[in-house]
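Working notes, structure below.
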Amino acid sequence: QKVLQHVLRERLRERPVVGSWKALEEYLSIALRHERTEKLLVLFLDSKNGLICDEVVQEGTVDHVPTYPREIAKRALQLDASAVIMVHNHPSGDPTPSKGDVEMTRRVIAALAALDIAMHDHAIVGRNEVVSLRRTGAV
């Protein structure tokens, strides 16, 4: 699994992440689908939407991961990121966003916007599907 995850991450580095949703979805599924607790992964992107790095910035419980907009913004500034994509998993297997997921996403968007850092999306990884909050119109 780690080898496949590495190969898929390298594919993301080869072209703009935002333009390759399918490649991103494959990578995220391998990275988070089988986790037993919620993890918040953030992809930090450069001005051309290339992947600078991706990091698990928080680990939580079976049904919650604490999210601190300040910490995401701080790390984005350290990396000179122009944009981010937030991702977390739902160990239950159901990637449907909760009201809390949407509210937290809006708080992070506001914090990053104040620093001229875009948040392109927040994706939730379930057992068989990855849901984009942007595509669903939730944010």
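The length gained on full extension between Ala110 and Lys22, counted as 0.36 nm times the residue separation minus their Cα-Cα distance, comes to 29.0 nm. The structure-derived value of Kirkwood radius over Cα pairs in Å appears in the list (i) 15.2; (ii) 14.8; (iii) 16.4 under the label (ii). Annotation: amide H of Ser82 within the under-5 Å range of Leu45, Asp46, Ser47, sequence separation 5 or more or interchain, hydrogens built in the peptide plane. Average accessible surface for the chain: 53 Å² per residue, computed with a 1.4 Å probe over protein heavy atoms with every protein chain in place.
The length gained by stretching the chain between His64 and Glu129 to full extension, at 0.36 nm per residue less their Cα-Cα distance, is 21.5 nm. Within the chain, what's the longest run with no trypsin sites (Lys or Arg not before Pro) in a DSSP loop and at most 16 other beta-carbon atoms within 10 Å? Give the range, please. The segment 49-126 is the longest one with no such site. On the basis of the beta-carbon distance and an R0 of 30 Å, Ser98 and Lys74 show a calculated FRET efficiency of 0.75.
The values are calculated or read from the model by the stated rules, or taken from the named source; none is laboratory data. A quick note: this is a predicted structure, and the numbers were derived from the prediction, not measured. Cβ: placed from backbone, ideal geometry, glycine included. Neighbour counts: every protein chain shown. All accessible areas refer to the heavy atoms of the entire protein, side chains included, with ligands and DNA or RNA removed. Shrake-Rupley method; radii C 1.70, N 1.55, O 1.52, S 1.80 Å.
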